[in-house]
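Please treat every number below as a calculation from the coordinates, not as lab data. Worth saying up front: this structure is predicted, and the values here are computed from it rather than measured. Ideal geometry is used to build each Cβ from the backbone, glycine not excepted, and the neighbour counts take in all protein chains shown.
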Amino acid sequence: MPVLYPSIDLLGGSVVRLRQGSYDEVTEYASDVVALARDYLSARCTWLHVVDLDAARSGNEPDFVTLCQIVEAVGGAMSVQVGGGVRDVQRARQLRDIGVSRVVVGSAAIRNPEIVDEMATETSVCVGLDHRKGRLAADGWTTESDMTVADALERFRAADAALITDISRDGMLQGPDVAGITDAASSSDTAIIASGGVSSLDDIQKLASIPGLHGIISGRALMEGRFSAADAMQVLRGQQ
């Protein structure tokens with residue numbers, strides 16, 4: 001069955017969501033990040049997706065204090081995947097050393113594809129493929145690349161996973177890009193994680209029916225109580 005990746009976006013130590021990636025449109029959902037991580041652990045989630053928005057914006061060091069607290073809270077029972085500001089091998093190594101199971105690299109991979117190969121020698125890597133109509137975007141979605149999702153999946157074979165986000169759907173609760181995710185999952189041996197647009201258990205069901213899909217990200221819908229992590233896990237277990 002696909003894996004549910006509850007998403008925690010960190011900004012100033014709190015859990016937030018950005019509307020289509022805009023720092024000018026922030027909604028704060030929770031201040032107790034550790035309690036939220038433990039809630040997802042209680043729901044029997046096996047992975048947690050964390051984005052450090054401060055590090056993503058500034059390129060400065062991640063919030064190691066909060067990240068360490070999250071890793072300690074889930075106690076090895078849940079793997080933690082972290083993105084945001086992961087731009088070099090040293091940063092990937094630092095995150096690995098505090099117990100992060102996998103790092104997510106996005107814009108840096110588009111600018112310098114070799115960085116994925118280098119990071120993969122140190123830790124597990126997920127490439128973040130944010131796109132508009134199949135063409136990748138970088139630098140906070142402000143720069144469009146000539147590279148397509150299909151190109152990236154071919155180029156980044158060293159990565160263990162690829163997180164595919166349709167920018168037009170991110171944080172909009174308008175439903176996932178089922179057709180695009182289906183194409184990616186059927187054409188690549190890389191573990192595909194779907195992101196963007198999930199608003200209901202019906203969306204979880206639709207994505208879970210995609211052959212070969214590895215994972216599903218859900219952030220805003222969980223934060224707003226549209227469904228619980230436990231309910232989503234029940235839907236996914238029904239796919240076994």
Percent antiparallel among DSSP beta bridges confined to the chain, nearest 5, equals 30
For the range 146-240, the Cα-Cα pair-distance distribution in 5 Å bins from 0, as whole percents, is 2, 14, 25, 23, 18, 10, 5, 1
When K133, K206 are ranked with the fewest other C-beta atoms within 10 Å first, the list becomes K133, K206
Among V89, L153, P211, the residue whose Cα sits farthest towards the positive end of the charge dipole of the chain, when +1 is placed on the Cβ of each Lys and Arg and -1 on the Cβ of each Asp and Glu, is P211
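Ranked by Cβ crowding within 10 angstrom, fewest neighbours first, how are H214, H49, H131 ordered? Working shown, then result.
On the way: H214 20, H49 26, H131 23.
Taking fewest neighbouring Cβ atoms as first place, the list is H214, H131, H49.
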Expected sort for F64, F156 with the fewest Cβ neighbours (10 Å cutoff) up front is F64, F156
